[in-house]
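A short reminder: the numbers here are calculations on the coordinates, not readings from a lab. All values reported here derive from a predicted model rather than from experimental measurement. When we count neighbours, we look across all protein chains shown, and the Cβ atoms used for this are built from the backbone with ideal geometry, even at glycine.
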Amino acid sequence: MVQSSVLMRAHGARPHGALVMPDIQPKPTKIVRFGQSSFSTFRVVEMDIVRPSPNSMQFLYGHGASAHGAPMAPGFRLETYDTLNFSDAGFSAADGTPYPPYVTSAFDLNRAMTLTADALGGALSAGAITLVNIGGGLNAMLAVNVNDHLPVRISAGQKLWDATRGIWRDPAYDSLIPVFAGLGKSWKPDRTSIQIDLLDATYWLTGAMPIGSYGGTGGLDGDSNVAGRSIPRLRGRAHNITPVLIDSINYVYHVSDGPGSILALYEGGFAGGIAYAGDVEDLYAVTPKPGTYVVQTDRGGTWFRLGTKPVYAITVDAEGKFRSGAAPANVLDILRQFLLEDMLLPTAYIDPAWEETSAMAPWPGGWFWDGSASVTGKNAVTALLSGLGITLIPTRTGTLLPIRLVAPSASSNIVAEITPDVIIALSGDDLDGSLDPPTWRWRIGFAHNFTVQAAGSSLHPQITAAQQSFVAQQDRAAIWYSAEVKSRWRVPNDPDTISTALTRQDDAALIAQRHGALWGTKRKIWAVSIPQIYAWQIDLGDVVAITAPAPGLEQRAVGVVVGEAVQASSQTVTLQILV
């Protein structure tokens, strides 16, 4: 037996218009049994489907309506689109739309932020919807509808008990809370049930980045040595990259598939041997003088041509734009444009809160893909967000949103209070071994070196000492360390240098300090189960206060929500809270 909601959002915790807690505010004498006497949580499922037309294509010819023999447009559509509505407890919208209770299992879902020392990526897995089909009542639907990779939306609401009439009252449709939005895979019928597997928004990141390849016909299409190889791609600024030699006779190199600029050109690590001789409209129109190079750059790509056969390996520092001409400087802004333009992610999948110029990560940088291997969207997300403490997560409304993990503190904006009267279960979870015991040193890389060159005959004899030191290692690093942590713990964690897409040392130093504040002390993860209708008001990255009869929680601890797990068979959600 528990009291009504004491889990309330703090004022200003969400923008105007965001979802708020349903009207079940606490009253001094009100006792609520979840799912029994006062309110009952239910879920609705909306599935977009395609219904192919039973008609076949035919051409109708009208005398005098058009040129003799020209086909006329058919008077019917080859397919129609519709939405199937279901629920797990029955629901009727105010406009009369029915949601019959065919859902026996809504879905399993696990979302989590990055909790490893390498700070790569996030974690998400989505389960399936199960519909009851006893007696074959849905067989006709299976026969005529196609649902493969079409939108699925799951929402939750509360039926309120009307004691006067002795019935459960359906809430308004607008009061339903989004729980999941994504795509459904094809029907998987069984003898008495139908299962639909779910895909979240990160499904769009599993495919390879669409990119052209060299035909090997010569000129800018490359010679036979690079035929079939993918074209390189540079977004933002990158250091000491190896451009692709696409014409070994005329010494033509390809830097990127979009416009860009060469900041420095090195031969064996030496920058003074080959001089810049200007930009040209056509690399093959004029042969550059010996000891010089010219650049051709436009929306079709960035190339340069040498006037002399090089003796040592050619590398460059360069800056690349997108093919559209967009040139975001900051890492997170580059990622956003990359998803839209290079991965062809529909704009609707970018969360409205992810602004074109984000204040979350005002750090310039970039990354280079040389075309030697295929690159998926997830690979690109990992490369650009590695080490930044930012996770790209799918939201409950089906969009992608970057979330930053920061150390929780009493001065943080507390989104919700979680107290014993809403906690169903409580247990401790283990942190990844790379974060427990605490970390005594963080080394965050910057100015990533894309071409490591060891000392020896491969380097130009005139290379400077500073450049020789730079090219010999993959990353320079900004460091945070704590002698206290090292002395207090017998074997504290000490992760390797983390490669990042950052350009500046000051930015890397700031991130190292944040990692130190977060992981340079003993942390604990608590798995807290609370009713679903309350959990839907809390999202990953939210800072909450938790009070519970457990070590460290007795006097109200402040933590950050780093994961959630939903089981179809349960009316609770288990939140992972880092304190």
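Contour minus end-to-end for residue 496 and residue 174, with contour as 0.36 nm per residue of separation and end-to-end as the Cα-Cα distance?
On the way: separation 322, 0.36 × 322 = 115.92 nm, distance 4.98 nm.
110.9 nm is the gain from fully extending residue 496 to residue 174.
With kT/(6 pi eta Rh) evaluated at 25 °C and eta = 0.890 mPa s, and Rh the Kirkwood radius from Cα pairs, the chain diffuses with a coefficient of 88 µm²/s according to Stokes-Einstein.
Based on the Cβ-Cβ distance of residue 452 and residue 149, what FRET efficiency does E = 1/(1 + (r/R0)^6) give at R0 = 35 Å, to the nearest 0.05? Efficiency, rounded to the nearest 0.05: 0.25. Modelled this way, with points 7 Å down the Cα-to-C-beta line, the labels at residue 142 and residue 406 are 5.2 nm from one another.
Note on the chain: helix-only mean residue ellipticity at 222 nm, from DSSP H runs of 4+ residues weighted -39500 (n - 2.57) and normalised by residue number, equals -2500 deg cm²/dmol. With the simple model of a label 7 Å out from the Cα in the direction of the Cβ, residue 504 to residue 191 spans 6.7 nm.
You can think of it this way: the chain between residue 329 and residue 83 has 84.4 nm of extra reach, that is 0.36 nm per residue less the Cα-Cα gap. Using only side-chain charges placed at the Cβ, +1 for Lys and Arg and -1 for Asp and Glu, the dipole size of the stretch 441-518 relative to its Cα centre rounds to 240 debye. Where in the stretch 346-369 is the amide nitrogen less than 19 Å from a point lying 7 Å along the Cα-to-Cβ axis of residue 48? Output list for this probe position: 346-352.
This model, with +1 at the C-beta of Lys and Arg and -1 at the C-beta of Asp and Glu, gives the chain a dipole about its Cα centre of some 940 debye. Overall, the anisotropy analysis places the stretch 273-323 in the oblate class: the square-rooted eigenvalues a ≥ b ≥ c of its C-alpha gyration tensor yield a/c not less than 1.5, with a/b not exceeding b/c. In terms of its C-alpha gyration tensor, the stretch 441-518 comes out prolate, because a/c is 1.5 or above and the ratio a/b outweighs b/c. Which of the pairs 486/524; 378/486; 159/378 have their Cα atoms more than 30 Å apart in this structure? Result: 378/486; 159/378 exceed 30 Å. Exposure proxy ranking for 524, 309, 289, based on other Cβ atoms within 10 angstrom of each Cβ and starting from the fewest, stands as 309, 289, 524.
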